[in-house]
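Before any comments, here is the structure.
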Amino acid sequence: MHYMRLLRLACLLPSSSALAAAAGVDATDQHAEQRVKQVAVIGAGAGGSSAAYHLRKYAQQAGIEVNITVFEKTARIGGRTLTVNVYDDPVFPVELGASIFVAVNHILFNATKEFGLPVTEPGATDEKGILGVWDGKNFVYTQDSESWGWWNLAKLVWKYGTTPYYTNRLVQRTIATFLKLYEAPYFPFRSLSTRAFELGLVQATSVTGLQFLAENELDGPFAHDIVQTSTRVNYASNLPYIHGLGTMVAMAPEGAMAVAGGNWQIFSHMVTHSQAYVSLNSTVTSITKEESGNPDSASPRYQIKTAAPEVGETTHPITFDDVILAAPYQFSGIQHADDLIPHPVDTIPYVKLHVTLFSSPYRFSPAFFGLEPASRVPSSVLTTLGPDEEAPEPGSSGNGSAGSAGFFSATLVKTVTNPRTQSKEYVYKIFSPEKVTPGFLSKLLGVQIPETFVTETEKGGDEEKEEAAEGESATTLVEPISWYYPAVFHPYPQKYPRVTFQDPILGDGLWYTSGVESFISTMETSALMGMNVARLIVDDYLSVSRAAAGDIEKSDDVVAEVTPPVLAEEKAQDVLAGQQSEVAEDAGEL
């Protein structure tokens, strides 16, 4: 706490140039003072937290002094990684969003080791159960957690032949190619579009998941029943409306894990280790550029205004050399001059997802799924489309992308003891395109739930303009539902096929992390883009310091790692632009 106060005090001190001028110091003697760089990070989710953490790490390795300020519009760190407590009791934490990461997520996995965070198997409950895939009328596939692994594998082979094996091989090859982005010569990258082209990943992003599987002779019942189920629960998308790379990522849950107590702890520790000054409940409202009369000046250039509850809009006392926007630009509401960002930032459609948590002493009703009264109902129900059901367009009326099933998943996530009744209850999570109604819950649980089963306490505001509108606990009026927590998220973009992606550089000293989301949207990829931007910033600082010292010539390995040849970059961009036009034409025919 004392250290954070010291950082805050340091940020309020006059700039080094002002101090030097007041003391009558010649400009040529200010070089040492001007080496301290000021960097603003807007957003404390996965991308912003990773950017701050890696910026501190890379700057220390390079011997560069940097002050980092993190602005976060909410009262917490973690962004879409949100943990809520059943019955408002911290003994029963449940992930609302961004529930898992996997073993190949190097940044997140290594962070749990570095920060000493214990991991658990996600979704584990006190009871064994059945996983079922439901198409709105029938369970097309079930898997019993109490059965031996070989038996479940035998069931897959008996029903789908060798397709699951070859689909898994395709997933592994695709993920292995993506992982090359973590290392030289592909890391760091100033253009995500160029890197995707160089690695051949545009072959997967330029077509739908259905087309990508068909090109590899892997379409058919397994794609419909299992792969599409995965894209629905992970990205709320059916195979004709998600690109091939997103499809492969959705099928890569091997080694899934979660941090005990909440995944947000990874990003909280990242921010702490970045030694940043953190300004919570601070919405950045505008960014302006301070032009310097001296083209060689190293003085800060960007001024930020923020708005906070009970304070209003204020101008931050420090100007910044670099600003990292680590939140979707289209939801930021940041005002700026037109020439601040020379090229328009992609506006892309985001999925609107309802996430509903509730606890009840009742299990899922067999009648809801068309089963006999005494049947054993799966405790985790994932859904796909009916055998003759055409995939609805995203955002369509009614049940939207969920089709006749009406929801993407309904899962028993935890068995708990109600602290008020001391009775055993079940905590469920439902992903759906529309708000869960009392009528739906009555059918799902097989017990009448009144229309007024909770007092309305959902957060207000324009959901379409917020990145995530978080629900709040409601007061129970009847027994069937003992705790209820609804929320609305814009958790990820609708991953339509494309071959170009928003690059991380918005302008001179302006950086962006959310362009990766239309490529792949996960906690890990946001963290990767944060790490990438941090590396680029430090590399630029090193380039400036070398030029100032007269050391213009760089070693070949540094040049290759930081900046690809200009001619090759321009050629790749020309090819990508042509391919993007073709994809746009194909999308119009879908």
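None of the figures in this text is laboratory data; all of them are computed from the coordinates on show. Please read these numbers as outputs of a predicted model, since none were measured by experiment. Because the Cβ atoms are built from the backbone with ideal geometry, glycine has one as well, and the counts that use them run over all protein chains shown.
Summary table
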quantity: Global size of segment 208-323 as Cα Rg and Dmax, reported in angstrom; calculated: 23.4, 66
quantity: Packing-based order for 378-391, 260-273, 418-431, using average beta carbon neighbours within 10 Å, highest first; calculated: 260-273, 378-391, 418-431
quantity: Highest to lowest packing among 494-504, 522-532, scored as the average C-beta count within 10 Å; calculated: 522-532, 494-504
quantity: Cross-link pairs beyond the 31 Å C-alpha cut-off, checked among LYS289/LYS495; LYS155/LYS414; LYS180/LYS495; LYS113/LYS429; calculated: LYS289/LYS495
quantity: Shape call, segment 343-449: gyration tensor on alpha carbons, a/c limit 1.5; calculated: oblate
quantity: Computed P(r) (all Cα pairs; segment 189-242; 10 Å bins; percent); calculated: 24, 43, 26, 6, 0
quantity: Net charge of neighbours whose Cβ lies under 9 Å from the Cβ of ALA59, counting Lys and Arg as +1 and Asp and Glu as -1; calculated: +2
quantity: Gyration tensor (alpha-carbon) shape descriptor, segment 299-357, a/c threshold 1.5; calculated: oblate
